Each structure stands twice: as structure tokens, then as C-alpha cells.
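Chemist: Here you go, one structure.
Readers should treat all values here as calculations from the given coordinates under stated rules, not as data from a laboratory. Nothing here was measured: the structure is a model prediction, and the numbers come from that model. Cβ placement follows ideal geometry from the backbone for every residue including glycine, while neighbour counts extend to all protein chains displayed.
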Amino acid sequence: MSAVLDVVLSSAFLAAVLRVSTPYLLAAFGGLVAERAGVSNIALEGQMLSAACTGALVAGYSGSVALGALCGVGVATLLGLLLAALRLELGADVIIAGIGLNLLASGGTAYAVFTLLDDKGGTSGLKSGSLPAVPLPGIDSIPLLGDVISGQNMVTWLAFLTAPVIAWLFYRARFGFHLRAVGEMPDAAASVGIPVRRVQYTGLALSGALAGLAGVFLSMGYVSFFVRDMTAGRGFIALAAVFLGGLRPWGVFLAALGFGAAEALAVQLGTLDVPPQLVSTIPYAMTLVALAVYAWRRRRQAGVEVAASV
Amino acid sequence: MHKAWERSGPAIGARAVTKTYGNGVRAVRGVDLDVPVGEIRAIVGENGAGKSTLMKMFYGLEQPSSGEVLVGGRPRVLGGPASAIGLGVGMVHQNLMLVPSFTVAQNVVLGVEPGRRGRVDLKAAAETTARLAEESGLAVDPNARVDEVSVGMRQRTEILKVLHRGARVLILDEPTAVLTPQETEDLFAAVRRLRDGGMTVLFISHKLREVREISDRVSVMRAGSLVGTVDTSDATERSLAAMMVGRDLSLDVDRAPARRTGVALQVRDVQYAAPTGQSLDGIGFDVAAGEIVGLAGIEGNGQTELAEILAGLRRPTSGAIRVGGTGTAGLDVAGHRRAGIGYVPEDRLRNGAALDESIADNLVVDRHDRAPLARRGLLRPRAVRAHAEQLIEDYAIRTPDASVPVRALSGGNMQKVIVARELSAAPRLLIASQVTRGVDIGAMRFMYERLGAARDAGAGVLLISADLTELLALADRLLVIKDGRLVARFDDTSGLTEKRVGLYMLGVERHDHDHITTGLEEVDAV
């Protein structure tokens with residue numbers, strides 16, 4: 001047990017939490033924006049995966065990490081717009097459309113990688129580089145704090161900056177004001193002349209872009225190559241964080257950070273003498289427990305009591 | 001303020017406006033209308049007469065198929081609400097268009113928020129709202145969340161929203177449907193003040209008494225056409241009703257005194273701790289077989305909870321309920337129905353019918369497992385159809401066929417399907433919640449007759465309604481509920497006025513406990 005405590009209390013673990021939380025934070029904020037716009041983005045997972053793959057491939061072939069990242073985010077944004085179009089123009093069920101996009105992303109990325117590199121596993125054969133880390137001169141010499149926050153990837157910084165930005169956007173900016181109105185009462189928004197669809201398209205594009213940034217981080221920050229299905233359910237866990245966080249920016253922030261910590265713990269415990277299969281279930285088990293707690297609390301708050309049949 | 005307005009001509013009007021929908025339905029046919037500046041014009045008509053469609057065209061939500069809409073003296077093309085708002089037309093919808101989690105002030109400024117460069121200045125929003133409320137006499141709390149304020153304040157918020165956009169034409173769609181008599185009076189006072197300040201008001205309603213009270217002139221629509229416009233001072237409720245339906249029709253109900261023949265329902269000291277919504281405290285009353293007992297109250301004071309407890313959808317925390325002498329404790333919903341309870345729920349779209357299923361299927365949901373509709377566990381489609389056709393005829397449900405999904409019916413016909421199902425089960429006690437909400441005058445008249453007939457045939461009826469006119473017209477006795485308690489009991493409704501009942505609804509007056517429980521026999525909890 002003390003070995004576990006040593007791991008958890010080390011600065012390396014705290015640094016890992018920040019790093020591992022990055023994709024959860026970005027994807028969860030993506031999910032939050034879509035949810036508050038009134039269109040659930042079930043396709044976060046596929047958007048992340050497509051961005052991760054596109055980023056690694058474009059960076060590898062062009063030699064430009066920046067171009068790779070940009071293209072990755074761009075593809076995910078387009079997928080966000082595609083989901084919006086399927087829902088808003090064609091009236092597709094948003095869950096089914098989202099699942100479709102996820103399957104398309106999973107198969108499409110594997111196919112693209114195999115076609116281009118003749119490799120079924122990933123792009124490890126391609127040298128694509130990664131987005132730069134940000135050392136903090138001065139701070140990096142401070143014990144503990146320096147170890148934890150200096151040298152984190154630039155995307156991690158962006159992810160943590162996203163929280164206050166989203167909070168400001170939602171509650172202080174005109175766009176967020178309109179977005180929340182559209183998501184909560186589309187008829188009310190339309191009746192005062194707010195262009196409901198345009199707001200929803202913008203929200204879904206932003207949602208896709210955030211998921212894309214999360215995906216780009218996985219293949220160009222966390223590691224420097226793409227692996228088939230490397231998102232490993234993070235998009236769905238992020239979706240859980242959206243609801244666990246009560247659809248509020250800081251709540252979602254804490255929930256995503258919690259899931260990040262769970263995964264970091266799993267990674268760190270992997271170095272100890274614990275069965276790795278068991279350890280790797282921690283983030284998923286925690287998601288289940290968290291959702292059960294959330295459902296239980298909600299039912300206590302707002303449950304309508306209906307007499308059970310005798 | 002609006003430079004686009006001409007100096008003369010109608011504030012709002014229509015020239016030969018026709019609206020044909022994609023499915024071929026002609027909702028509005030060749031309507032000509034002129035409403036001068038500073039007039040309160042009532043537009044009345046039955047459901048489906050085209051009032052709403054016409055208003056939607058004035059507000060840019062629909063575009064006329066042919067003809068022209070006039071605003072500020074000139075023909076205009078209204079591409080959407082934004083262009084209508086830009087020309088000074090504002091609308092308060094029947095279903096209030098407010099964002100529940102926003103504050104009153106945030107709702108008032110939504111779409112035209114103060115603040116620079118993409119930001120919203122919430123302080124300025126609250127100040128603007130407070131100032132507008134002060135000027136117009138529409139009292140609101142700018143910083144309260146909309147889902148936590150009364151329906152009346154929500155409606156005032158809607159009107160402030162319209163005023164904030166500098167409207168010169170105010171369209172009010174059935175604004176009094178959800179208000180108490182006192183709130184209605186306050187609304188009318190505010191509307192008159194706005195008119196005196198130069199506002200033109202279109203007042204959509206089917207409550208003719210209110211129309212006579214508030215409007216300067218009345219335009220009557222029937223089947224998509226404008227049948228006529230009269231000065232309110234020349235109109236009577238009867239003459240307007242005749243114009244609306246095209247024949248002489250009154251809502252006055254001839255009532256013989258109730259012939260009470262025993263007890264249908266006994267409720268004793270029912271307590272209910274609601275997880276959300278209104279809890280109930282010490283509810284006790286009787287409904288005799290052969291009488292209609294009305295339950296009045298501002299919505300949300302426990303009517304829904306009480307109705308659902310009686311129907312078996314919720315369980316009371318304590319207390320006794322007997323239907324025709326049988327205790328209902330421990331019975332499930334089907335058991336309640338077997339004990340003789342019929343239930344017309346207040347929200348028919350959600351709880352009354354399976355909207356996507358056929359009329360025939362909806363009519364058998366409580367009896368599909370019994371002969372003659374089923375034999376040896378299998379449905380007999382022919383019997384189901386025959387059963388439906390019989391009820392469609394008996395209850396004058398207007399539909400081409402029994403296989404039509406309920407969703408395709410008008411509000412009145414949808415309600416007839418539910419009432420047909422509940423009454424044809426010959427209940428000992430019928431719980432009828434908001435039975436005429438949103439139905440037209442013809443269907444209303446029909447419901448009144450059917451409830452009266454059920455009473456005369458010996459059923460007990462508990463009539464729960466937000467419409468005091470209806471309660472006073474139908475109920476033999478009247479109870480008033482406030483904050484989950486009964487606060488008044490009138491054993492004789494003759495000579496009772498809406499205003500007087502309103503005082504009890506608001507809690508200004510109340511009967512003492514002994515008066516409310518007088519004459520109730522003791523009942524053992526079963």
C-alpha cells in the first residue's frame with residue numbers, strides 16, 4: 001500500500017495527471033459545448049480518432065507539425081459540421097448518426113493508414129514529430145511545482161486555459177448566451193430572431209475542433225505516432241464527464257480531471273506488482289461508478305415517484 | 001422610433017392573405033384586415049379557425065402563399081421574426097417562449113443584449129428591465145430565475161421582452177389561459193395603459209367574456225376566413241359565439257339539481273410528501289354518486305398530485321381513499337380502474353394517449369384483454385375496429401378512419417378519444433383534469449354535455465380545472481386547493497362569483513377546517 005502512496009504523492013504522478021487529463025478536458029469541453037447547444041455529440045470519439053490519424057499522417061508527409069495539427073483539428077471540425085448537418089438538415093437521430101461517425105472514423109483511419117503505409121497497426125513507421133513542450137524558465141527550478149508544470153506540452157496548457165475561456169463564453173459572451181438559449185429553448189431563441197441553426201452549427205464545429213485538439217494531442221504530444229483505435233474510449237469517458245459535471249464548465253473541468261487522474265493512476269500502478277489487466281480497467285470502472293452516483297443523486301433530486309406495480 | 005412607418009394607414013393589416021400548407025390544407029383564406037394605431041383588437045375563432053396562422057404571418061414565422069401583410073401602413077415581406085421585430089411587431093406566444101434557467105432580465109434582453117464587442121452586460125440588462133417594468137407597470141423581479149417565478153410574472157416578462165424591442169404592435173395569443181382572475185385584471189390594466197400610450201394590440205382569445213371586457217373591436221374568424229368585425233360595444237357573447245361557429249350555440253348548461261345516490265369517493269386525511277412539486281396535507285372530502293365536484297386552484301397547488309394519487313399513479317404517504325366502499329391502498333393502476341375510476345389526465349399529449357398509435361388501439365388500452373375484444377389471449381382485430389367505430393360515432397370524433405394515429409387529430413378530437421375511452425368504461429368516479437383545455441367551443445360544449453350525462457347516469461365526477469367559468473357552470477359543489485390543502489368548500493355554487501372564488505385561490509380568504517370537513521363520515525384505513 002505504501003508503494004501506491006509513494007507513487008501517488010510523487011511529482012511525476014502529478015505531472016502525469018496534467019498530461020493524461022489533457023485529452024479528457026478538451027473532449028469534455030467539446031461535448032459540453034454541443035450538449036448546451038442542444039445536439040449531443042456522441043461522435044467525440046470518432047472526431048478525436050480522425051484528428052489523431054490526420055495529424056500524424058499530414059505531419060509525417062509534409063514534415064510540418066503545425067500543418068499536421070491544423071489539418072487534424074480541421075478534419076474533426078468538419079466531422080462536427082457533418083453531424084450537425086445530419087441532425088439539422090436530414091433529421092437523423094443524433095445518437096445513431098454519432099455512432100455511425102464513430103464507426104466510420106475507426107474503419108476509415110485504419111484503412112487510410114494501411115493504404116498509405118501498408119501497416120495495419122499504426123504510423124510508427126512514419127517520422128512525424130510532436131507538438132512542442134513549454135519549459136518555464138525560472139519555474140522549472142522550483143522543487144515540486146517546477147517538476148509538475150514546467151515542460152508540459154503546449155496542448156496541455158491550452159486544455160487548462162479552455163476551462164475559464166468556456167466559462168466566460170457561456171456566461172459573459174453574447175455567443176454563449178445565445179448558445180445556451182438555443183440548447184434549452186430553441187423556440188424561444190427563434191422567436192427573438194436568434195438564428196438557431198447557425199448557432200448550432202457553430203457550436204458543433206467548436207465541439208469538433210476541441211475534440212480534434214484532444215485527438216491531435218494523443219498522436220502528436222502524448223506519443224508521436226498514430227495507433228489504430230488509440231482513443232480507447234476517451235471520447236465516451238469525456239461524454240460521461242460532461243454529465244457528471246452537471247453541464248457546467250467548472251463541474252466538467254473537475255470531472256475530466258478526475259478521469260485523467262484515474263488513468264494516470266492506472267499507468268503508474270502498471271509499474272508495480274499489480275495485474276495490469278485489472279489496473280487498466282480503472283478509468284472505465286470509475287466512469288461506471290461515477291455515472292451510477294450521478295444517476296442516484298439525480299433521482300433523489302428530481303425523481304418523480306411513480307407507484308410500482310404490485 | 002420606427003422610421004419605416006408611414007404617417008397614416010393601419011398599424012397592422014392584411015390584404016387578401018391566403019396560406020396554403022404543403023399538405024394542401026388552406027389554413028387562412030383571403031383575409032382582409034385593418035387594425036388602426038392605438039386599438040385593442042380581439043381576434044376570436046374556434047381552434048383551427050386560422051387565428052394562429054394569421055398571427056404567425058404577422059410575426060414572420062410563416063409567409064403568406066398569396067396576398068400581403070401590412071405593417072406601419074405599408075406592405076411588407078417578413079422573412080422571419082427578426083424582420084417583424086425590426087418593424088415594431090412583438091408577439092407573446094400562448095406557450096411562453098422563455099428560457100427557464102435564465103433570469104427575467106436575461107430573457108428580456110435575449111437577442112438584443114446590451115454590451116460591447118460580443119460581451120453581455122448583465123448589470124445593464126437588469127437595470128433596463130427594472131426601468132421598463134417601472135414605466136409600464138408590469139411588476140417583475142429582474143434577477144429571479146424564470147423557472148422560479150409565477151406564471152403571471154413569466155407573462156409580464158414576455159411583454160417586457162416585446163417592449164424592450166420597441167414594439168408598436170403587440171400580439172397576445174391566449175394570454176389569460178394560465179392566469180387567475182386577479183392576474184387577468186392586472187394584465188388588462190397594463191394592456192389598456194399600453195394602448196393609451198399608442199400601442200396597437202391584437203388579442204387572441206376564445207374567452208368571449210374577456211374579449212368583451214378588454215377589446216375595442218372584435219374580428220371573428222371561422223374556417224380560415226374572416227367572417228366579420230364588430231364594435232365590442234355592439235357585441236354580446238351570444239352573438240360572437242354564433243359568428244364563430246356559424247350557428248347559434250351557447251355554453252350555458254341547463255342543470256337539474258344533482259340526484260345523489262350514495263358515495264362514489266371518500267378521501268380522508270391524505271398526506272403526501274412529494275419528491276418534487278407540491279406536497280399534500282390533510283386532504284379530506286367526499287364525492288357522491290350523481291354529483292360533479294369542482295376543484296379550483298391556481299395551477300401547481302397540488303391538483304396534479306391529488307389527481308394522480310386518486311388514479312393510482314402515486315401513492316399517498318398516509319390517509320385513506322375509498323372508491324364506492326373499496327379501499328384503494330395497495331392497488332396498482334389497473335386495480336384502481338377495476339375499482340371504478342376513470343381518469344382524464346391534464347396533459348393529454350403526454351399521459352392521455354399513445355399519440356403514434358391508432359384511434360382504435362387507444363380506445364382499447366384498458367380493455368384489450370377481455371371479451372369481446374380478445375379471445376384466448378389473442379386480439380380480435382375485427383372486434384377492436386367495431387368497438388372503435390361505435391365510439392367514434394357515439395362521441396362524434398371527427399376522423400376519416402379508426403386507423404388514423406391520434407397525433408393527426410385536432411386537440412378537441414384527441415380529447416374526445418380519451419373521454420370516450422374513460423366514459424365508455426362506465427366509471428363509478430371520473431377524475432377529469434383540464435378537460436376542455438385547448439379545445440374549441442363546439443368540443444367544449446360536447447364535453448359539458450357528456451360530463452352532465454355521466455353525472456345524471458349516476459357517476460361521481462371530480463372536475464379539476466383552471467377555468468373558473470367552467471367550474472361554476474358545471475360543478476354542483478366546489479372545493480378550493482391552495483398549497484396542498486383544501487381551503488374552501490362551497491356546497492352550493494349558485495350565486496358564487498369567479499372573483500369570490502379567486503380570493504380563496506389566492507389565499508386572501510379561507511374557510512376553517514371544521515367547515516371543510518363537516519359531515520364527513522369516519523373511514524377506516526384499509
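Chemist: Run the numbers on the stretch B:93-165 and let me know its relative contact order in percent, using alpha-carbon pairs under 8 Å that are six or more apart. Numbers along the way, then the final one.
Modeler: Working: 86 pairs, mean separation 31.6, N = 73.
Value for the stretch B:93-165: 43 percent.
Chemist: Can you tell me the 0 to 90 degree angle between the C-alpha axis of helix B:411-424 and the longest principal axis of chain B, rounded to 10?
Modeler: Helix B:411-424 and the main axis of chain B meet at about 10 degrees.
Chemist: Let me ask something else. Can you give the percent of C-alpha pairs in the stretch B:355-484 whose distance is more than 19 Å? Please report the intermediate quantities before stating the final value.
Modeler: Values: 4411 of 8385 pairs.
That tail contains 53 percent of the Cα-Cα pairs.
Chemist: What Rg and what Dmax come out for the protein assembly as shown when only alpha-carbon atoms are used, in angstroms?
Modeler: Reported Rg and Dmax, both Å: 31.9, 95.
Chemist: Considering all projection directions equally, how large on average is the shadow of the alpha-carbon convex hull of the stretch B:93-165, in square nanometres? Please report the intermediate quantities before stating the final value.
Modeler: On the way: hull surface 17.9 nm².
Taking a quarter of the hull surface, the average projection is 4.5 nm².
Chemist: Could you work out [θ]222 nm for the protein assembly as shown from helices alone, using -39500 (n - 2.57) per DSSP H run of at least four and dividing by all its residues? Round to the nearest 500 deg cm²/dmol.
Modeler: Details: 31 runs with 385 residues, N = 836.
Using -39500 (n - 2.57) per qualifying helix, the result is -14500 deg cm²/dmol.
Chemist: How big is the stretch B:1-71 on each of its three principal axes, counting only the C-alpha atoms and giving the largest first in Å?
Modeler: The Cα atoms of the stretch B:1-71 stretch 40, 22, 18 Å along their principal axes.
Chemist: Separate question: Hey, got a sec? Which trypsin sites (Lys or Arg not before Pro) in the stretch B:54-117 land in a DSSP loop and have at most 13 other Cβ atoms within 10 Å? Please report the intermediate quantities before stating the final value.
Modeler: Working: sites: B:LYS56, B:ARG76, B:ARG116, B:ARG117; in loops: B:ARG116, B:ARG117.
For trypsin sites (Lys or Arg not before Pro) across the stretch B:54-117 that sit outside H, G, I, E and B with at most 13 neighbouring Cβ atoms in 10 Å, the list reads B:ARG116, B:ARG117.
Chemist: Could I ask something else about it? One quarter of the convex hull surface, Cα atoms only: what value does that give for the stretch A:93-138 in nm²?
Modeler: Numbers: hull surface 23.6 nm².
Result: a mean projected hull area of 5.9 nm².
Chemist: Right, another one. How long are the three semi-axes of the equivalent ellipsoid of the stretch B:330-414, in whole Å, if each is the root of 5 times an eigenvalue of the C-alpha gyration tensor, listed from largest down? Mind showing how you got there, number by number?
Modeler: On the way: eigenvalues 89, 70, 23 Å².
Output for the stretch B:330-414: semi-axes of 21, 19, 11 Å.
Chemist: Where the centre of each part is set by its Cα atoms, how far does the stretch A:71-147 sit from the stretch B:120-136, in angstrom?
Modeler: 45
Chemist: Related question: Mind checking which of A:GLY31, A:GLY129, A:GLY151 has the largest fluctuation in a GNM of chain A, springs on alpha carbons under 10 Å?
Modeler: For chain A, modelled as a Gaussian network with Cα springs under 10 Å, the answer is A:GLY151.
Chemist: Ok, one more. Compute the semi-axes of the equivalent ellipsoid of the stretch A:11-231, taking the square root of 5 times each eigenvalue of the Cα gyration tensor, and list them largest first in whole Å.
Modeler: They are 31, 24, 12 Å, listed largest first.
Chemist: Taking beta carbons within 10 Å but only from partner chains, what does the mean come to for residues B:161-171?
Modeler: Per-residue shielding by partner chains comes out at 1.
Chemist: Considering the Cα trace of chain B, what is its radius of gyration and what is Dmax, both in angstroms?
Modeler: In Å, with Rg to one decimal and Dmax whole: 24.8, 78.
Chemist: Return one number: the angle in degrees, 0 to 90 and rounded to the nearest 10, between the long axis of the Cα atoms of helix B:181-196 and the longest principal axis of the Cα atoms of chain B.
Modeler: With rounding to tens, the tilt is 10 degrees.
Chemist: Short version: ³J(HN,Hα) in whole Hz for each residue of the stretch B:482-488, in order, from phi by Karplus 6.51 cos²θ - 1.76 cosθ + 1.60 (θ = phi - 60°), x for Gly and Pro, what are they?
Modeler: Result, ordered by residue: 8, 6, x, 10, 7, 10, 7 Hz.
Chemist: Measure up B:LYS51/B:LYS123; B:LYS56/B:LYS482; B:LYS161/B:LYS499 against 32 Å on the Cα-Cα distance and list the ones that go over.
Modeler: Pairs exceeding 32 Å: B:LYS51/B:LYS123; B:LYS56/B:LYS482.
Chemist: Also, quick follow-up: What is the order of B:HIS368, B:HIS93, B:HIS336, fewest Cβ neighbours within 10 Å to most?
Modeler: Values: B:HIS368 14, B:HIS93 21, B:HIS336 24.
Going from sparsest to densest Cβ surroundings: B:HIS368, B:HIS93, B:HIS336.
Chemist: To continue, here is another question. Trypsin sites (Lys or Arg not before Pro), restricted to the stretch B:467-526: which are DSSP loop and have at most 16 other Cβ atoms within 10 Å? Mind dumping the intermediate values first?
Modeler: Numbers: sites: B:ARG477, B:LYS482, B:ARG485, B:ARG489, B:LYS499, B:ARG500, B:ARG510; in loops: B:ARG510.
Of the trypsin sites (Lys or Arg not before Pro), the ones in loops of the stretch B:467-526 whose Cβ has at most 16 other Cβ atoms within 10 Å are B:ARG510.
Chemist: Here is a follow-up. Over chain B, what relative contact order in percent results from Cα pairs under 8 Å that are six or more residues apart? Intermediate values should be presented prior to the final figure.
Modeler: Numbers: 1069 pairs, mean separation 75.0, N = 526.
RCO, chain B: 14 percent.
Chemist: Show which aspartates and glutamates lie in cross-link reach of B:LYS416 when reach means a straight Cα distance below 13 angstrom and same-chain residues fewer than eight apart are skipped.
Modeler: B:GLU393, B:ASP394, B:ASP440, B:GLU449
Chemist: Restricting attention to the alpha-carbon atoms of the stretch A:65-190, what are Rg (one decimal) and Dmax (integer), both in Å?
Modeler: Cα only, the stretch A:65-190: 20.3, 57 Å (Rg, Dmax).
Chemist: Then there is this: How high is the relative contact order of the stretch A:11-231, in percent, counting Cα pairs under 8 Å that sit 6 or more residues apart? Walk me through the numbers before you get to the answer.
Modeler: On the way: 416 pairs, mean separation 89.6, N = 221.
This gives 41 percent for the stretch A:11-231.
Chemist: Here is a follow-up. Excluding B:ASP476 itself, what net charge comes from residues whose Cβ is under 13 Å from its Cβ, given Lys and Arg +1 and Asp and Glu -1? Intermediate results must be reported in sequence, preceding the final value.
Modeler: Values: positive: B:ARG255, B:ARG259, B:ARG260, B:ARG455, B:ARG477, B:ARG489; negative: B:ASP286, B:GLU291, B:ASP456, B:ASP491, B:ASP492.
Surrounding charge for B:ASP476 is +1.
Chemist: May I pose another question? With r defined as the distance between the Cβ atoms of B:THR326 and A:LEU278 and R0 fixed at 41 Å, what FRET efficiency is calculated, to the nearest 0.05? Walk me through the numbers before you get to the answer.
Modeler: Values: r = 58 Å, r/R0 = 1.40.
Between B:THR326 and A:LEU278 the formula returns 0.10.
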